[in-house]
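Colleague: My questions all concern the structure below.
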Amino acid sequence: MREYLTQTAQLRQVPSEWGVYYRYTYGVAGERFFRELRDHGHLVASVCPKCGRRFLPPSLYCEDCFVEMTEYQPVPGVGTVQTFTVLHESLDESPLPEPLVVAFVQFEGVHGGLLGTLRGVRPDQVRIGLPVKLALRTGQPTPSAADIGWVPA
Amino acid sequence: MSGEVAIVGAGYTPLRAVSPGQSFREMVFEAAVRAYEDAGITPREIDSVIALGEDYREGTCITDEYVPDQLGAVQKPVQTVTGDGLQALATAWMLLNSGVADIVLLEGHSKASNMLHPAQIEAMALDPVFVRPHAWHPLFLGGLEMRRYLQDTGTTTAQAARVAAKNKRNALRNPLAAYPARVTPEQVLASRPIAEPLTELAVAPPADGAFVFIVANAAGQKRCTGRPVMVDGIGWSSDTCNIHTRDWSRAAYAEQAAARAYRMAGITRPAEEVDFAEVNDAYTYKELQHLEALGLAPRGQGAALADQGLFDPDGRLPVNVSGGCLGCGNLHDVSAFCSLYEVVLQVRGQAGERQLPRAKRGLVCSWRGVPTATGGVAILSGR
Amino acid sequence: MSTMNTELRGTSLREDDLRTGRALATEWIPKTVYRFDAGIAIGQFLAGLKAGRLLGRKCHACGRIVIPPRMFCELCFRRNDEWVELKSTGRVNTFSVSFVNTDASRRQTPQVPAVIDIDGTQPSMGILHVLGEVGDTLEAVLRNVQIGTPVEAVWKPAEQREGAITDILYFRPMGGR
Amino acid sequence: MNRVAVLGAGLTRFVRRALETGRELCWEAATAALQDADLTLADIDCVVLGSAPDAFDGVHMKGEYLLDGAGAKGKPYMRIFVGGGTGVFMVPVGWWHVASGAFRTCLVVAEEKMSSTQPHPQAAFNAIYDPFTERPLGVNLLWIFSLEMHRYMKTYGIPLETIAQVAVKNKRNAKDHPASQVAGDFTVDEIVNSEVMTYPVTRLMVSPVTDGAAALVLANEEFARRKGGKHVWVEGVGWNLDTSYWTNRDLAYPQYVENAARMAYKMAGITDPRKEIHVAEPYDPFAYKELHHLEGLLLADKGQAPRRLEEGFWDRDTLTGIPASPSGGLLGVGNPIAAAGLMKAIEIYYQLSGKAGARQIRRSAQRGLAQAWGDLMQVGTVMIMGVER
């Protein structure tokens, strides 16, 4: 018997799969955000009692002051594209049937922002600074981040 | 805080896109044999072992289990850093200055080719509530960040593409590199778009391979015969993990890590005090963004300096003469070890045909990849 | 503070809260699928199983004969030296009687995992496998097997073997029941 | 080498499934620890995080995901991982961040959110086994424990009823722990006769599935002195990893725990641990493990920990023995893996600083030890704390 593999026919791979899936709770701040989104169709930010900034997405705590945020405020209806990408590949690494515009949107007076798919505009027409508004997918049994999208304002 | 810590031994396996002839254990064994040979010691001399590992990439839950045997480290103090190579080096530095070890072994390997769905794996790092449900390919983050970086600095996509052309060409002189090539910036721009402005050739492809280092304090160095490469400074830092509140165009983690490493190394004018740098270039623009964060180029001037040839192998501050991630292959957290290995060779004068004439002091800058904002900076020099 | 804080945070949910939507949650099915390179030692080991042979490796420095095989001796830290064909017999080092499946669901008839010290290893050392022909109830298994019981491998028919650890169906008490 | 003091600790409740995300759990524990230490995040120079497999929370690079909740934004941050040994190991990790002179203060956080894994967290454990020689057999996590337990029982002739007493003791102790999930009064018969999972392991000899977090604040001597008061100090740390070829090992004795303990004892200057250790938190994810580990820690002769248990040597109110798991351990308080390990280390801090309330041991204690274990039954992690002397 040889001590090294010398032929490609000797190469072996063994498959393995973990066989689990996951269920993630939305958490204290996520509960509030997604219930507001589902019940009232608007975005809310949490307010830091120390630094006064409004955080989007809302959070249980201020990541800088490290204090609890319990106050929530609605976010303005129109935001602007801070950056965007035209995505061509799916999570399975195959070409998407139609390229997607993924946009990160910020709102005046709000720290942070949100990601969503931007529709209703040709990819080559999208610019940083474009005003957009929320286009919410509805009718899902559970509200989800995937419901959040944008259209030009 | 000034303990004398040096790399006294280094071992590798050549990096390749696939590595079907060896198990990861056999790969690591090969690198370890080289590292021990280089350091002139046996496993008996090792006081402590630090491995790199992230379970989802390894496909094994608790990868720490499978660390000791192929290193000859059975029944030794062994631990796994779920971070990058410089965080492992920093951990070694701390152990060597705490009195619990004089000689520490570092190990990192990549078997990225064994993941059947790497994008699906990397997507598992996204916030499961606010981000992941969109089910986007995780490179969308690179695209978003690149667009904002280009906008804020006035860098063009063509300038960014030159980084890939340079690094892949540098890799032609590195026998370890998995992806050496002659490509033009135009080819990079014209390659398949993935997350615009990122195209296929602007993204470092994954590779398999292993590195092992032996690191020692002053007492430990006396027991080793390997030529020491001193760790003059090391820093690591994390910006927020919250992609929503991050500054998209700056690499804040690298600024913070560099400040710490420079302070430790007594560096005040990095662009003049560092001879060469190995800087994370998982995507083309990251090299430029990192160079600016490190103070090796003024903010927004990375591309302009690159255009002048400053970062070419024959420039004043060669960057990624190894080929970087774009030329060697992306080993994720282990890429920092690939960079470290290049610095060891260069300052020892062992880099063969790519040896730089002036390589007394080198810098490594690492980044853990999307969606993280974590990275490190190390300054190393010959004695 | 004179004693630890006893007003701890942390909000407990019942499974029902999540099922009924009183608490919100989202599901994700990951594609955690891998194909692992078996490499030199395990590649040969698996090829041996396909041929109905159990292979170990011997280190000439320490004299150990190990299974599962590796191309290095982890104690001497050297490349080890030769392949050794082992008999597919051994002794039960320890065993368990398992009434739970991989996903923690209940099973009616038990699995009997065991560490089996393989004859011919040096010093005696084992592999993980399962026992068969030992009964369908806890009481029956405990009657039929003890720690130390000699066992032998029951192989799949040669034409069904695929070069996997499951080419050995199970080990059974020596000589059958 | 700088001396390292413990300035405060915090915990969340340990629950079967938490509403909070992992980040939120981290923040809850971290703020509780900062409050206990009377410090703010601005006083913290670096953060270390312990969390067991990513497969539980279901987040790749889990440390990165948790970091803002752990207070690490803009700071040097390190996640270190040694399987089940991770929680206790966070004290050594925090210790060397400070002892090395690299940092004045360190916030140590441990978190686990196991309830995320479906259909059951146990399924995530299959991937701990070797993919070539073990996973194809249809493994489950409990196999490895029941195999080791059976070998331990057989080697020393230990009856199941004796091992069950560990569960009785720890679940009883946990009744006084404010974080506890599965505390209660049980009889040996109830433990032994609970559902057989994997013989000889029965349901009540197994720690539960838990969500939770824990945190600890460490500081160097200068910082601690400036803060004032009497402190508990980290006196010894040790860790050790045995071969991954677990079926090639002697399963009756945890040599790696002994190696880790010897490293820690040496650092703490301990030569006779049975006299110099006054309270212990040995790792108890399964009832037999506490006994197995007490032997590895050299606090009992090989095979003799069960006899000492019957004598009441490990009881919380002992005056002559060494109270073991006065917190209630993983069997009583719960097992959010890394957070459970850190909870055990925190219990030593509470006991030595007189903060343990209803759980305060009756004998005097100047020194205590916590230990955890993990991977394929191959990691030992040990930390020793002592009071001001």
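Colleague: Viscosity 1.306 mPa s, temperature 10 °C: give me the Stokes-Einstein translational D for the range B:231-383 in µm²/s, with Rh taken as the Kirkwood radius over C-alpha pairs.
Modeller: For these conditions, the coefficient is 105 µm²/s.
Colleague: Moving on. Please list 3J(HN,Hα) in residue order for the range C:138-148, calculated via the Karplus relation 6.51 cos²θ - 1.76 cosθ + 1.60 where θ = phi - 60°; whole Hz, with x for glycine and proline.
Modeller: 4, 4, 5, 4, 5, 6, 8, 10, 10, 4, x
Colleague: Oh, and also: Rounded to the nearest 0.05, what FRET efficiency do B:Glu4 and B:Arg316 give with R0 = 25 Å and r taken as the Cβ-Cβ distance? Could you check?
Modeller: 0.25
Colleague: Amide H of C:Val151: which non-local residues (sequence gap of 5 or more, or other chain) have their own amide H closer than 5 Å, using H built in the peptide plane?
Modeller: C:Gly90, C:Arg91, C:Val92, C:Met174
Colleague: Also, quick follow-up: Measure nothing fancy, just the Cα-based angle from helix B:284-293's long axis to the longest principal axis of chain B, in degrees from 0 to 90, nearest 10.
Modeller: Computed tilt is about 70 degrees.
Colleague: Using the Cβ atoms and a cut-off under 14 Å, what net charge is assigned to the surroundings of D:Thr117, where Lys and Arg are +1 and Asp and Glu are -1?
Modeller: Combined, the nearby Lys, Arg, Asp and Glu give -3.
Colleague: So, counting K/R as plus one and D/E as minus one, what does the shell of residues with Cβ under 13 Å around A:Phe107 add up to?
Modeller: Details: positive: A:Arg53, A:Arg54, A:Lys133; negative: A:Glu108.
Net local charge, A:Phe107 excluded: +2.
Colleague: Convex hull volume of the Cα atoms in the range A:23-152, per residue, in Å³?
Modeller: Working: hull volume 16.9 nm³, N = 130.
With only Cα atoms used, the range A:23-152 gives 130 Å³ per residue.
Colleague: Determine the distance separating the Cα centre of the range B:217-248 from the Cα centre of the range A:1-46; give it in Å without decimals.
Modeller: With the range B:217-248 and the range A:1-46 each reduced to a Cα centre, they are spaced 30 Å.
Colleague: Let me ask something else about it. Please give me, ordered by residue number, the trypsin sites (Lys or Arg not before Pro) of the range B:233-320 that lie in loop per DSSP and have at most 16 other Cβ atoms within 10 Å.
Modeller: Answer by residue number: B:Arg299, B:Arg316.
Colleague: Please report the net charge: other residues with Cβ closer than 13 Å to the Cβ of A:Gly77, K and R +1, D and E -1.
Modeller: Values: positive: A:Lys133; negative: A:Glu108.
With Lys, Arg at +1 and Asp, Glu at -1, the net is 0.
Colleague: What is the calculated FRET efficiency for A:Asp124 to A:Thr70, with r their C-beta to C-beta distance and R₀ = 51 Å, to the nearest 0.05?
Modeller: Working: r = 44 Å, r/R0 = 0.87.
Efficiency at R0 = 51 Å is approximately 0.70.
Colleague: Using only the Cα atoms, what convex hull volume per residue in Å³ does chain C have?
Modeller: Value for chain C: 265 Å³ per residue.
Colleague: Another one. Helix C:39-50 versus the longest principal axis of chain C: what angle, 0 to 90°, nearest 10, using Cα atoms?
Modeller: Value to nearest ten degrees: 70.
Colleague: Okay, next question. What distance in nm separates the two pseudo spin-label positions at D:Arg225 and D:Arg203, each 7 Å out from Cα along the beta-carbon direction?
Modeller: Between D:Arg225 and D:Arg203, the simple spin-label model gives 5.7 nm.
Colleague: Could you pull out every residue, at least 5 positions away or on a different chain, whose amide H is within less than 5 Å of the one on D:Glu235? Hs are placed 1.01 Å off N in the peptide plane, and Pro or chain starts have none.
Modeller: Under 5 Å from the amide H of D:Glu235: D:Ile384, D:Met385, D:Gly386.
Colleague: Calculate the length of the line joining the C-alpha centroid of the range A:75-102 to that of the range C:138-165, in whole Å.
Modeller: 55 Å
Colleague: I'd like the projected area of chain B, averaged over all directions, using the convex hull of its alpha carbons. Report it in nm² with one decimal.
Modeller: If you wrap the Cα atoms of chain B in a convex hull and average its projections, you get 16.9 nm².
Colleague: Relative to the longest principal Cα axis of chain B, at what angle does helix B:157-171 sit, 0 to 90 degrees, rounded to 10?
Modeller: Its long axis makes an angle of about 30 degrees.
Colleague: Which pairs, out of A:Lys133/D:Lys62; B:Lys111/C:Lys156; D:Lys227/D:Lys355; D:Lys62/D:Lys113, put more than 22 Å between their alpha-carbon atoms?
Modeller: Flagged as over cut-off: A:Lys133/D:Lys62; B:Lys111/C:Lys156.
Colleague: Considering only D:Thr318, D:Thr86, D:Thr40, give the residue with the highest GNM mean-square fluctuation for chain D, with springs between Cα atoms whenever their separation is below 10 Å.
Modeller: Sorting by GNM fluctuation, first place goes to D:Thr40.
Colleague: Grab every C-alpha pair in the protein assembly as shown, bin the distances at 10 angstrom width from 0 up to the longest one, and report whole percents.
Modeller: Spelled out bin by bin, the protein assembly as shown gives 2, 11, 20, 24, 22, 14, 6, 1, 0 percent.
Colleague: For chain C, give me every cysteine whose Cβ has no other Cys Cβ within less than 4.7 Å, ordered by residue number.
Modeller: Within chain C, the cysteines lacking a partner Cβ under 4.7 Å are C:Cys62.
Colleague: Only sites in a loop by DSSP and with at most 16 other Cβ atoms within 10 Å count here; which GluC sites (Glu not before Pro) in the range B:1-76 make the cut? It would help to have the intermediate numbers written out before the result.
Modeller: Numbers: sites: B:Glu4, B:Glu26, B:Glu30, B:Glu37, B:Glu45, B:Glu54, B:Glu58, B:Glu65; in loops: B:Glu4, B:Glu54.
Taking the range B:1-76 and a limit of 16 other Cβ atoms within 10 Å, the loop GluC sites (Glu not before Pro) found are B:Glu4.
Colleague: Further, regarding this structure: Convert each backbone phi in the range B:129-139 into a coupling constant with the Karplus relation 6.51 cos²θ - 1.76 cosθ + 1.60 (shift: θ = phi - 60°), then list the ³J(HN,Hα) values in order as whole Hz, x for Gly and Pro.
Modeller: 9, 9, 10, 4, x, 5, 6, 8, 4, x, 5
Colleague: Treating cross-link reach as a plain straight distance, find the lysines whose alpha-carbon is under 18 Å from the alpha-carbon of D:Lys171, omitting any fewer than eight places away in the same chain.
Modeller: Once the sequence-local lysines are set aside, what remains near D:Lys171 is D:Lys289, D:Lys344.
Colleague: Scaled to the compact-protein estimate 2.2 N^0.38 Å, what is the alpha-carbon radius of gyration of chain D, rounded to two decimal places?
Modeller: The reported ratio for this selection is 0.90.
Colleague: Follow-up question, since we're still on this one. Using only Cα atoms, locate the centre of the range B:1-59 and the centre of the range D:1-47, then give the distance between them in Å, rounded to an integer.
Modeller: Cα centres, the range B:1-59 to the range D:1-47: 34 Å.
Colleague: Skipping prolines and chain starts, which residues have an amide H placed within reach, meaning under 5 Å, of the one on B:His117, given they are 5 or more residues away or on another chain?
Modeller: Placed amide hydrogens put C:Val33 under 5 Å from B:His117.
Colleague: Quick check: from the Cα gyration tensor, does the range D:168-268 come out rounded (a/c under 1.5), prolate or oblate?
Modeller: Because a/c hits 1.5 or more and a/b fails to exceed b/c, the range D:168-268 counts as oblate.
Colleague: On to the next question. Give me the distance in nm between label points sitting 7 Å out from Cα along the Cα-to-Cβ direction at B:Glu353 and B:Thr268, one decimal.
Modeller: For B:Glu353 paired with B:Thr268, the spin-label model returns 4.3 nm.
Colleague: Residue-wise, which Karplus ³J(HN,Hα) couplings in Hz belong to the range B:91-101, taking 6.51 cos²θ - 1.76 cosθ + 1.60, θ = phi - 60°, and x for glycine or proline?
Modeller: Taking θ as phi minus 60°, the curve returns 4, 4, 4, 5, 4, 6, 9, 10, x, 9, 7 Hz for the range B:91-101.
No lab work stands behind these numbers, since they all come straight from the coordinates. Note that the structure is a prediction, hence the values are computed from the model and not measured. Using ideal geometry, Cβ is built from the backbone for each residue, glycine included, and neighbour counts are taken over all protein chains shown.
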